[in-house]
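Chemist: For reference, the structure I am asking about is given below.
Only the coordinates and a few stated rules stand behind these numbers; no lab work does. These numbers come from a predicted model, not from an experiment. A quick note on method: Cβ atoms are made from the backbone with ideal geometry, for glycine too, and the neighbour counts reach across all protein chains shown.
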Amino acid sequence: MTTLTVPATLPPVQGKAGIGGALRAEWTKIRTVRSTLWSLVAMAGISIGLMSLIAWATMHRWARFEPREKANLTQHPLEIVLARPVFVCQLVVAVLGVMVISAEYTTGMIRSTLQAQPRRLTILAAKIAVFAVLMLVVGELLSFAAFFVGKQIIAGHIPVSLGDAGVTRSVIGAGLYLAVLGLFSLAFGAILRHTAGAITTVLGLILIVSNLTGLLPDSWGHHINAWMPTNAGLLILQPHQAPDDLLSPWQGLAVFSGWTVLLLAVAAVLFKKRDA
Amino acid sequence: MIEAVGLTKRYGDRLAVDHLTFTVKPGQVTGFLGPNGAGKSTTMRMILGLDAPSSGTVTVNGRPFVELDNPLREVGALLDAKAIHGGRSAYHHLLALAQSNNLPRRRVDQVLELVGLTEVARKRAKGFSLGMGQRLGIAAALLGDPKILIFDEPVNGLDPEGILWIRNLMKALAAEGRTVFVSSHLMSEMENTADHLLVIGRGRMIADCTVQEFIDANSELAVRVRTPEPTRLAELVTGAGGRAVPDGEGTLLVTELATDRIGDLAFDNGVRLHELSPLQASLEQAFMELTRDSVEYHAAVPAAGQEDRA
């Protein structure tokens, strides 16, 4: 600590600090906190480990199932290998998505971030892009891995293959759903800036509100329920459109994405306007 | 160069910063002084674009901070030692900041070396002491080799060695021609470091002057004189244009007359003196005197007790 003066060994300034630098910075930030690693490990554990266990237990008890249960499982071959793991995984994705931005506020990091890059929309765009790509890659890898592992385990009683109608779309859709959900949660994190509050809100929407709307009176209640963000989004996981579904799988994902874009727009306006 | 014109921040009906106009020049350390809650941090946050002014403007190098092309290359700031994610290592914290401004990776190692954190660079920042946190914040401020440096209460929580290190660092940075703007609520801290002072209280500018001007204007000289003939000396002092106030048995406090003159006056008139000692109000007292009316929260102590609080 004898040197006091700053050695001026920086290369000459070239161009502006822009989205490229922001993307590299956000990637460094997301990969260097343990919560990211643990979340990804948890997602892998749920999609492969827990799923395999449940699939194996189901096969083990197959003989004791009622014919109705057997028929139900055979008609929805992706229920065990895809739908259930995604339903649990989404809780992890929601927490991670919220924390990508709320942790900046709870730790005070946001002040360092914005001193280095005060163009706030650049920061938000970089965060969204980095997290979306991470969730998409991880989501697709895990959903294909879960499908192939699960398929082997349930093959004896519930045969399923990528060639079956709607199956490939459902497996790809699972990864897409998780990526969109990640951004949906990130938007809440940016709007509320409070980890616990944002997680509670997102989980409340996913687990409670989306079910409560199913209890609303017929006709219009049915519509509201169908257009709830995750209700619509989850349609992409079903190989076949059920007779009473108002939306097709892709329409459902579009509705969920629409909600997400809307929330991100609100988040962007607030992120730009508010004092940090 | 930092320039503020009519800078104002209003929270509800409370004015945190009230029409501040000032210039912070390069090549010197400018102390930003005021009691807690005077609006120093809010002002700094507005300089850095973290808070938007309610009215008025502030620019760095002639441009609003948010319009700078490469912010870290122009302004380095330490606002508080906690502007970090505790789960990340010092190295990765700095790396992310460096990447955002396209600074080379080796620069991270350089600043870590410079602040003496190389050995703990790979440790998570949540285990850092307050002093280490301050050093990390300073490392971040120096990353882009900026011409303007802003430090908010940089010596808070530092040990004496760290305080000395920061003082010398600030002086060295200013000597290199950089603009150094540093806040403190302690006059004693600025006395040895700053060349220029901006003093604020309740968001308003109270003084904008050099340290010497501040001393001259605010530390009134008084001379304590002990003599067996106080009444006679008091008359002589008054006759010579000074003011003498009794200060206990056989003692006078003389103002508006220099020590030498009082001594000569007594000698010429055969008045015996037992003590002749100049008293200088400390800068700390002068500062407290100046900002007394603008302190946001007073402790409920008698006024006399304030003299001891320096």
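Chemist: Name the residue from A:Val98, A:Phe65, B:Leu290 whose Cα lies farthest towards the positive end of the charge dipole of the protein assembly as shown, charges +1 on Cβ of Lys and Arg and -1 on Cβ of Asp and Glu.
Modeler: With unit charges placed on the Cβ atoms, the residue in question is A:Phe65.
Chemist: Same structure again: Which order do A:His60, B:His185, A:His240, B:His92 fall in if you start with the one that has the fewest other Cβ atoms within 10 Å? The partial results should precede the final answer.
Modeler: Details: A:His60 9, B:His185 18, A:His240 14, B:His92 21.
Lowest count first: A:His60, A:His240, B:His185, B:His92.
Chemist: Roughly how many Å is it from the Cα centre of segment A:182-201 to that of segment A:215-247, as a whole number?
Modeler: Between the Cα centres of segment A:182-201 and segment A:215-247 lies a distance of 24 Å.
Chemist: Assuming R0 = 41 Å, what is the FRET efficiency of A:Leu10 and A:Thr200, from their Cβ-Cβ distance, to the nearest 0.05? List each step's numbers first, then the result.
Modeler: Working: r = 45 Å, r/R0 = 1.10.
Here the calculated transfer efficiency is 0.35.
Chemist: Further question on the same structure: In segment A:1-96, what trypsin sites (Lys or Arg not before Pro) fall in a loop by DSSP, with at most 13 other Cβ atoms inside 10 Å? Don't jump to the answer; show the numbers that get you there.
Modeler: Details: sites: A:Lys16, A:Arg24, A:Lys29, A:Arg31, A:Arg34, A:Arg61, A:Arg64, A:Arg68, A:Lys70; in loops: A:Lys16, A:Arg61.
Loop-located and lightly packed - A:Arg61.
Chemist: Among DSSP beta bridges lying fully in chain B, give the percent that are antiparallel, nearest 5.
Modeler: Values: 35 of 53 bridges.
Among the beta bridges of chain B, antiparallel pairing accounts for roughly 65 percent.
Chemist: Sticking with this one: Hand me the trypsin sites (Lys or Arg not before Pro) from segment B:87-128 located in a DSSP loop with no more than 11 other Cβ atoms within 10 Å, in residue order please. The partial results should precede the final answer.
Modeler: Details: sites: B:Arg88, B:Arg105, B:Arg106, B:Arg107, B:Arg122, B:Lys123, B:Arg124, B:Lys126; in loops: B:Arg88, B:Arg122, B:Lys123.
When the trypsin sites (Lys or Arg not before Pro) of segment B:87-128 are filtered for loop state and at most 11 Cβ neighbours within 10 Å, B:Arg122 remain.
Chemist: On to the next question. What list do you get for B:Glu275, B:Glu249, B:Glu284 if you sort them by fewest beta carbons within 10 Å?
Modeler: Values: B:Glu275 11, B:Glu249 7, B:Glu284 17.
The fewest-first ordering by Cβ neighbours comes to B:Glu249, B:Glu275, B:Glu284.
Chemist: Still on this structure, I have one more. Too long at a 18 Å Cα-Cα cut-off: which of B:Lys126/B:Lys171; A:Lys273/B:Lys147; B:Lys147/B:Lys171? The partial results should precede the final answer.
Modeler: Details: B:Lys126/B:Lys171 30 Å; A:Lys273/B:Lys147 28 Å; B:Lys147/B:Lys171 14 Å.
Pairs exceeding 18 Å: B:Lys126/B:Lys171; A:Lys273/B:Lys147.
Chemist: Please report how far the C-alpha centroid of segment A:31-49 lies from that of segment B:109-160, rounded to the nearest whole angstrom.
Modeler: Going from one Cα centre to the other spans 31 Å.
Chemist: Continuing with this model, one more query. Hey, for a label at A:Asn211 modelled as a point 7 Å past Cα toward Cβ, could you say which residues of segment A:228-242 have their backbone N under 14 Å away?
Modeler: Only A:231 fall inside the zone, counting backbone N under 14 Å.
Chemist: Once both axes come from the Cα atoms, what is the angle between helix A:34-44 and the longest principal axis of chain A, in degrees from 0 to 90, rounded to 10?
Modeler: Orientation of helix A:34-44: about 20 degrees from the principal axis.
Chemist: Run the numbers on segment B:220-280 and let me know its relative contact order in percent, using alpha-carbon pairs under 8 Å that are six or more apart.
Modeler: 49
Chemist: Sticking with this one: Taking each pair of distinct Cα atoms in segment B:1-66 once, what is the resulting Kirkwood hydrodynamic radius in Å?
Modeler: Values: mean 1/r = 0.0829 Å⁻¹.
The answer is 12.1 Å.
Chemist: Checking the a/c ratio against 1.5 first, then a/b against b/c, what shape does the Cα gyration tensor give for segment B:220-280? Before the final figure, lay out the partial values.
Modeler: Values: a/c = 1.34, a/b = 1.12, b/c = 1.19.
It comes out rounded by the Cα gyration axes.
Chemist: I'd like the antiparallel share, as a percent to the nearest 5, of DSSP beta bridges with both residues in segment B:109-235. Please list the in-between numbers first.
Modeler: Values: 6 of 11 bridges.
Antiparallel: roughly 55 percent of the beta bridges in segment B:109-235.
Chemist: Between segment A:57-107 and segment A:119-146, what is the C-alpha centre distance in whole Å?
Modeler: Between the Cα centre of segment A:57-107 and that of segment A:119-146, the gap is 21 Å.
Chemist: While we're on this one: How high is the relative contact order of chain B, in percent, counting Cα pairs under 8 Å that sit 6 or more residues apart?
Modeler: Relative contact order comes out at 21 percent.
Chemist: Could you line up A:Trp27, A:Trp220 from fewest to most neighbouring Cβ atoms inside 10 Å? Each step should come with its number before you reach the end.
Modeler: Working: A:Trp27 18, A:Trp220 9.
If I rank by nearby Cβ atoms, fewest first, I get A:Trp220, A:Trp27.
Chemist: Take the Cα of A:His222, step 7 Å along the line toward its Cβ, and report every residue of segment A:230-255 whose backbone nitrogen sits under 16 Å from that point.
Modeler: Those under the cut-off are A:242-248.
Chemist: Same structure, new question: If each Cα of segment A:21-273 is one equal point scatterer, what is log10 of I(q)/I(0) from the Debye formula at q = 0.08, 0.10 Å⁻¹?
Modeler: -0.34, -0.52
Chemist: Below 8 Å between Cα atoms, with a sequence gap of 6+, how large is the relative contact order for chain A in percent? Mind dumping the intermediate values first?
Modeler: On the way: 333 pairs, mean separation 61.8, N = 276.
With pairs under 8 Å counted, the relative contact order is 22 percent.
Chemist: For chain A, find the longest principal axis of its Cα atoms and tell me its angle to the long axis of helix A:19-31, 0 to 90°, nearest 10.
Modeler: 60
Chemist: Largest first and to the nearest Å, give the Cα extent of the protein assembly as shown along each principal axis.
Modeler: The Cα atoms of the protein assembly as shown stretch 125, 56, 42 Å along their principal axes.
Chemist: A follow-up question, please. For chain A, with the dipole built from +1 on Lys and Arg beta-carbon atoms and -1 on Asp and Glu ones, taken about the Cα centre, which of A:Ser257, A:Ala116, A:Leu246 lies farthest toward the positive end?
Modeler: A:Ala116
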